[in-house]
Amino acid sequence: MSERATQLVGMVAAAIVGIGQSTAAQDVTTVDQHERPHHILLIGKPRKAVEDAVTGAMRRLGMPKCQKLFDEFTNQAGRALTMNLAATGQSPADFLVGLYFVDGDDAIQCRASETVAAFTEPGSHVVHVCGRRFLQFALKTKGGEILLIHELLHAIGLGENPPTSAQITSAVMNRCG
């Protein structure tokens, strides 16, 4: 097994053990927002870039103007994402912190398109990150934060086409940028 694979297996095992801990041990309300546990199963510089983007996205999601995004978009059934989010009992930032960010470099979506830096499916709690591309994207701008909020919308239930990826990103930039 390669060193990278061994590191990722260890990270996944640690995440699984963490899931089994008591909720008292994981009570994020007693932890500073910037110290919340993140489920970032990447290594090296891409991991740091995602950590920084999660922290910045959490700050942006605290702005009332940014939170209006969840009123603007609906799931495939026409239900506002605000309703989907309310059903979880979580704030947008709490929902983001609960997502799993995994290495997607070997996925077809990362290999087939030079414009994809991350992807997920509507309702999934797993965001696949094209590490090297995400790193380049995040270093140029605070775009990593905007991209993670874009993926958060999908995780809460937003489909795509319609709206297009560009329309989603534009709305995120207008509300949260």
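Quick note: the coordinates plus some simple rules give every number you see, no bench work behind them. This structure is a prediction, so every number in the text was calculated from the model and none was measured. Quick reminder, even Gly has a Cβ in these numbers, built from the backbone with ideal geometry, and neighbours come from all protein chains shown.
Over the residues of the range 56-177, compute the C-alpha Rg and express it relative to 2.2 N^0.38 Å. If you can, show how the numbers build up before the last one.
Details: Rg = 13.4 Å, N = 122, 2.2 N^0.38 = 13.7 Å.
Cα-based Rg divided by the globular estimate yields 0.98.
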_5 Å is the cut-off here: which amide hydrogens, built 1.01 Å from N in the peptide plane, fall below it relative to A118, excluding neighbours closer than 5 in sequence?_
C130
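Work out, in µm²/s and without decimals, the Stokes-Einstein translational diffusion coefficient of the range 46-101 at 20 °C, 1.002 mPa s, Rh from Kirkwood over C-alpha pairs.
Numbers: Rh = 12.1 Å.
For these conditions, the coefficient is 177 µm²/s.
Which of the trypsin sites (Lys or Arg not before Pro) found in the range 31-119 are in a DSSP loop and have at most 12 neighbouring Cβ atoms, other than their own, within 10 Å?
Details: sites: R47, K48, R59, R60, K65, K68, R79, R111; in loops: K68, R79.
Counting only loop positions with at most 12 other Cβ atoms within 10 Å, the trypsin sites (Lys or Arg not before Pro) in the range 31-119 are R79.
Provide the percentage of antiparallel DSSP beta bridges, counting only those with both residues in the range 56-161; round to the nearest 5. Don't skip to the end; give the middle numbers.
On the way: 4 of 8 bridges.
The antiparallel proportion sits near 50 percent.
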_Linear extension gain, Q90 paired with S165, 0.36 nm per residue minus alpha-carbon span_ = 24.5 nm
*Ranked packing of 91-102, 153-164, most packed first, by mean Cβ within 10 Å*: 91-102, 153-164
*Once phi is turned into ³J(HN,Hα) by the Karplus curve 6.51 cos²θ - 1.76 cosθ + 1.60 with θ = phi - 60°, what whole-Hz value does each residue of the range 145-151 show in order, with x for glycine and proline?*
5, 5, 4, 5, 5, 4, 5
